[in-house]
Amino acid sequence: MRAVSTVRVTFSALGKRFGARSVLKGVSGELRPGYAVVITGHNGSGKSTLLNLLAGVVRPSSGTIDYRAGGTPLPRHLWHTVVGMAGADMAVYEELSALENLHFFARLRGLRRSLGELEKLLCELGLEARDLRRPVGTYSSGMKQRVKLAQAVVHEPPVLLLDEPSSNLDERGHETAADLVRKFRPHAALAVATNDPREMAWGDERIHLGN
């Protein structure tokens, strides 16, 4: 794993409304290197919304989020450079192969990764070499999930946000996701949104949303 800068994310009294509907209210916590936070709650409690807020994908209706890289405030427009996120809403281009998808997202981030490096990452996450050049539209849901995980970590981010990372994966796939967490945990600030007891066991701390 390449060296990454130390990033801490502190959030305080976060709230989010969509029209008249309140999804989150008064949620606080901190993500720091070497520490995993698990976010639990019933469907609709705001788990995915909280990750999207922390990633900077959406803005909070109330509260604050503070990114610090090496102790220095990191402007919001740079958050995406240090965040990796895998979730159900992540895009994969189904007309492209897994290798083409990963190459595209690496280039979007300004990365120069060789095809060999990208192939290695995809294979480490459980895809077979013979499948890497097939259109993703022909993949199973579990194979697509592995591509999403690869996109989340291709830039070796110091902040890793995972939304139900074992979703659509079999037992072998769950172990692959667990290995990914173990690899990044010593270096990255990690948050996992889940109700899966196996994934909940990865956490040092739990934030439970809803009643």
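Here are some notes:
- Dipole magnitude (debye, nearest 20) for the stretch 21-81, charges at Cβ of Lys, Arg, Asp, Glu: 140 debye
- Counting only lysines at least 8 places from LYS183 when in the same chain, those with an alpha carbon closer than 25 Å to its own are LYS47, LYS120, LYS144, LYS148.
- Angstrom value of the Kirkwood radius, inverse mean 1/r, which spans all Cα pairs in the stretch 30-152: 16.3 Å
- Approximate spin-label separation GLU100-ASN43, in nm, with each point projected 7 Å along Cα-to-Cβ: 3.4 nm
- The stretch 139-193, relative contact order [Cα under 8 Å, separation at least 6], %: 46 percent
- Extension gain, PHE18 back to ASN195 (0.36 nm per residue minus Cα-Cα distance, nm): 61.4 nm
- The chain: relative contact order as a whole-number percent, Cα under 8 Å and 6+ apart: 33 percent
- Other-chain or far-sequence residues with amide H under 5 Å of LEU14's (modelled H): GLY26, VAL27, SER28, THR64
- If the chain linking THR10 and HIS174 were pulled fully straight, counting 0.36 nm for each residue of separation and taking away their Cα-Cα distance, it would gain 56.2 nm.
- Label positions at ALA91 and ALA129, each projected 7 Å from the Cα along the C-beta direction, are separated by 3.2 nm.
- Of all accessible heavy-atom area on the chain, the percent that carbon and sulfur account for (1.4 Å): 50 percent
- Residues in the stretch 58-158 average 50 Å² of solvent-accessible surface per residue, probe 1.4 Å, ligands and nucleic acids excluded.
- Karplus-derived HN-Hα couplings along the stretch 50-56 (A = 6.51, B = -1.76, C = 1.60, θ = phi - 60°), whole Hz, x at Gly and Pro: 4, 5, 5, 5, 5, 7, x
- Along the stretch 138-148 the Karplus relation, 6.51 cos²θ - 1.76 cosθ + 1.60 evaluated at θ = phi - 60°, assigns HN-Hα couplings of 8, 7, 6, 4, x, 5, 5, 4, 5, 5, 4 Hz to successive residues, with x for each Gly and Pro.
- Computed from the C-beta positions of THR64 and LEU108, the FRET efficiency with R₀ = 30 Å rounds to 0.60.
- As a rough guide to protection, the peptides 173-184, 66-77, 30-41 ranked by mean Cβ packing within 10 Å, highest first, stand as 30-41, 173-184, 66-77.
- Helical runs (DSSP H, four residues minimum) scored at -39500 (n - 2.57) apiece and divided by the length of the chain put the mean residue ellipticity at 222 nm at -8500 deg cm²/dmol.
- For the stretch 1-57, accessible area per residue (1.4 Å probe, heavy atoms of protein chains only), Å²: 45 Å²
The values are calculated or read from the model by the stated rules, or taken from the named source; none is laboratory data. Only a predicted model underlies this, so the values are computations on that prediction, with no experimental measurement involved. Virtual Cβ from ideal backbone geometry, glycine too; neighbours counted across all protein chains shown. Note: areas computed on protein heavy atoms with side chains; ligands, DNA, RNA excluded. Shrake-Rupley method; radii C 1.70, N 1.55, O 1.52, S 1.80 Å.
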